[in-house]
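Only the coordinates and a few stated rules stand behind these numbers; no lab work does. Remember, it's a predicted structure, so these values are computed and weren't measured experimentally. Positions of Cβ are generated from backbone atoms using ideal geometry, with glycine treated the same way; all protein chains shown enter the neighbour counts.
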Amino acid sequence: MAEDAQSRPTGGGIFPLRIRGPREFYGGLALVAVALFALWAASDLAGMRGFSFGPGTTPRLFAGLLIVVGAGIAISGLLVDGPPLESYALRGPALVVCAIVVFAVTIRGFRFSFFGLPVRIPELGLIVATFLAYMISVLAAREIRWVESLIAGAVMTAFCVVLFRYLLQLPFPLWPAF
Amino acid sequence: MSDLLSNLWLGFSIAGHPINLGFCLLGALVGTLVGVLPGVGTVATIAMLLPITFGLDPVGALIMLAGIYYGAQYGGSTTSILVNIPGEATSVVTCLDGHEMAKQGRAGAALAIAAIGSFFAGCVATVLVAALGQPLTRVALEFGPAEYFALMLLGLIFAVVLAKGSVVKSIAMVVTGLLLSTVGSDLDTGAGRMTLGLPELLDGIGFTNVAMGLFGFAEIIRNLEATGSNREIIEGKIKGLMPTRQDLKDSSWPIARGTVLGSILGILPGGGAVVASFASYTMEKRLAKDPKRFGRGAIEGVAGPESANNAAAQTSFIPLLTLGIPPNAVMALMVGAMTIHGIVPGPQVMTKQPDLFWGMIASMWFGNLMLIIINLPMVGIWVRLLRVPYRILFPSIIVFCCIGIYSIDNSPSDVMIAAIFGVLGYWLVKHDFEPAPLVLAFVLGPLMEDNLRRAMLIARGDTSIFITRPISGVLIFISVAMLVLALLPMIRKRRDEVFVESEN
């Protein structure tokens, strides 16, 4: 026990308690943070009126519960030994999210303001948006084979166009419109 | 009894309609495909295919979606046995003995027993759904807000108790799901709750977006991390599909037990096919004369769980169709599908739309029959599908999910919300949190809140209404007892751990 504490000096002087189960500790803390954020977001809502619930009652009830449970998990992370944090991959998740977001903003175009500057993303339509999203996702894999992916992307795009636009007749714009 | 028969007859005449048979076949085919492909879950698929059902008539749409669900249970076993990769979470235990059997050259027997067991379980469950439908519907009519709230609480507790891993962490997931479900307009006052000023959040967070993010995108992100899995596909022709007489004799009791166990666990809210298959495997191992054979190709280890997961998949329709409460995430999506077609799930479905209710039930029997035909002779084709490399598969799933989510509401922000939940799901897994209880709580949240508020209004703020009303009191008592039972061993274990440490 004593050796173990020495080999990991993270606890030591400032923190009397060493974090023994980091997955629990940080997981629990994050849940508490979510709950606090929810409490803040719901702070403008009316609470109980007599014995009838206001719009803010249930959110506060659930947020309060989450603080208790989350804090419990975090404390258990201080008291009980647990597995170490797993390492996070960055490239895979980032590219997958990027592919999804690119699809979302290009399928019908998207406008937003970036620090006051209006930004307009043009509507690229189903064909381009699908193919773009496919090719960006491809980058997330460890092994990339360009020719194979280009063919598969084209086939998948064609399949989606036939299925969604022609067979199911969903109102997708097919081609880019500027 | 004659009532039941005439109802079933109505069901069979509707399900037997060529068009509905076609939807049933399509659902079973897609389900098998999904079951075979690892990394494509049932929840994500049904969510993806929701928009496809827009144009169909409600009976056909629901028959197809139901087919996907139980079809996936069949398909999952095929890959478990032949490749040692569970295509679905429900067939994880089938790998243990099924793949061993395949290695010993008995792949055919394992596949056949899995199919026969599933078919038998499916038939029994079909009758069970039909038989329990009416009495439970009558019970449901007695239910007031307090009873509904207590029942849903019981469901969530079951989900917590039956989930893998730490009980406290599952509770945390349930509460998180409940909290997330309160985002959006308040039912009574219409006030926007926790919308952060974003108009997109006024309607709340869509369930399909959450499901697709947590089960679709998160799964992909996680799979990308896994180092190249070794897929040892059993090569060569699978011979001897027919099991021997001894095989049939050995597996008849496990099939029967698995069916009963699965049916019970399927009806329980919070239960479902995954839990059923694990429970059945454990039971068979306990009951076996020689438990050592398990894990080395015992046919009972295939027969029991495969029957159980199929039975559970079907009986989980019972709470949805009679009480209007979805017992798991897949059933929650069925609620979505029903709502799209203007059907409110609950006791009134049976009386107002008898053709839908009985047609769907009867279609399950047809579906099971089709699945046996699809699965056994066509096994080779399904196995060949497994050779599609994941690097081609996963971008296709991403694109398909994106289009699917977008088409539900023509809303780009829904697609982005799903992406956020994808990242959240990845984080949850990294911290050993289970997403399943969160999703169930997210679905039940609005219903629970509504019933809680109504119960409190009726009782004029007196919380004892939940205990004093008999049905609700019993349900609350069971919930508390279950929770205590689940927490006790944990506390005891903690103490043991402390003792172990102090000894060192």
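May I ask which residue of A:Pro55, B:Thr182, B:Thr45 lies farthest towards the positive end of the charge dipole of the protein assembly as shown, with charges of +1 (Lys, Arg) and -1 (Asp, Glu) on Cβ and the Cα centre as origin? With unit charges placed on the Cβ atoms, the residue in question is B:Thr45.
Suppose every Lys and Arg Cβ carries +1 and every Asp and Glu Cβ carries -1, with no other charges. What dipole size does the stretch A:11-107 come out with about its Cα centre, to the nearest 20 debye?
Working: 6 positive and 4 negative charges, 11 e Å.
Here the size comes out at about 60 debye.
In this simple spin-label model, placing a label point 7 Å from the Cα along the Cα-to-Cβ direction at both A:Arg142 and A:Ser113 gives a separation of 4.7 nm. Taking the Cα centre of the stretch A:91-167 as reference, the dipole from Cβ charges on Lys and Arg (+1) and Asp and Glu (-1) amounts to some 160 debye.
List the residue ranges in chain A for DSSP H helices whose C-alpha atoms run 27 angstrom or more along the long axis and whose Kyte-Doolittle average is -0.5 or above.
On the way: long enough: A:22-41 (28 Å, 1.28); A:57-79 (33 Å, 1.70).
Taking the DSSP H segments of chain A (at least 27 Å long, mean hydropathy at least -0.5), we get A:22-41, A:57-79.
The C-alpha atoms of chain B define a longest principal axis, and helix B:145-162 lies at about 40 degrees to it.
Derived scalar couplings between HN and Hα for the stretch B:364-374 equal 5, 5, 4, x, 5, 5, 4, 4, 4, 5, 5 Hz in order, rounded to whole Hz, by the Karplus curve 6.51 cos²θ - 1.76 cosθ + 1.60 (θ = phi - 60°), x for Gly and Pro. Output the relative contact order of chain B, whole-number percent, from Cα pairs under 8 angstrom with separation of 6+ residues. About 28 percent, as a whole number. Close amide H contacts of B:Gly192 (hydrogens built in the peptide plane, cut-off under 5 Å, sequence separation of 5 or more or a different chain): B:Asp186. Inter-label distance, B:Val484 to B:Ile19: 5.6 nm, where each label sits 7 Å from its Cα along the C-beta direction. Compared with the dominant principal axis of the Cα atoms in chain B, helix B:329-340 is inclined by about 60°.
Tell me the trypsin sites (Lys or Arg not before Pro) within the stretch B:104-212 that lie in a loop according to DSSP and have at most 14 other beta-carbon atoms within 10 Å. Don't skip to the end; give the middle numbers.
On the way: sites: B:Arg106, B:Arg138, B:Lys164, B:Lys169, B:Arg193; in loops: B:Arg106, B:Lys164.
In loop regions of the stretch B:104-212 (DSSP not H, G, I, E or B), the sparsely surrounded trypsin sites (Lys or Arg not before Pro) are B:Lys164.
From the Cα gyration tensor of the stretch A:91-167, with a ≥ b ≥ c the square roots of its eigenvalues, which class applies: rounded if a/c is under 1.5, or else prolate if a/b is larger than b/c, or else oblate? Judged from the Cα gyration tensor, the stretch A:91-167 comes out oblate (a/c at least 1.5, b/c at or above a/b). As an exercise, use a Förster radius of 51 Å and the Cβ-Cβ distance of A:Ser52 and B:Arg245 to find the FRET efficiency, rounded to the nearest 0.05. The formula returns an efficiency of 0.15 here.
Distance check, please: which entries in B:Lys164/B:Lys285; B:Lys164/B:Lys352; B:Lys103/B:Lys292; B:Lys249/B:Lys292 exceed 29 angstrom between their Cα atoms? Check vs 29 Å cut-off fails for B:Lys164/B:Lys352. Candidates A:Tyr26, A:Ile136, A:Phe112 compared by Cα position along the dipole of chain A: farthest toward the positive end lies A:Phe112, with charges placed on Cβ. For the stretch B:1-87, what relative contact order do you get, as a whole percent, if you take Cα pairs closer than 8 Å and at least 6 residues apart? Worked out over the stretch B:1-87, it gives 39 percent. Distances between placed amide hydrogens fall under 5 Å for A:Phe110 paired with A:Ile121, all partners being 5 or more residues away or on another chain. Principal-axis analysis of the Cα atoms of chain B puts helix B:470-503 at an angle of about 70° to the longest axis.
Each label was represented as a point 7 Å from its Cα along the Cα-to-Cβ direction; for A:Arg120 and B:Asp462 these points are 6.4 nm apart. Relative to the Cα centre, the charge distribution of chain A, modelled as +1 at Lys and Arg Cβ and -1 at Asp and Glu Cβ, gives a dipole magnitude of about 440 debye.
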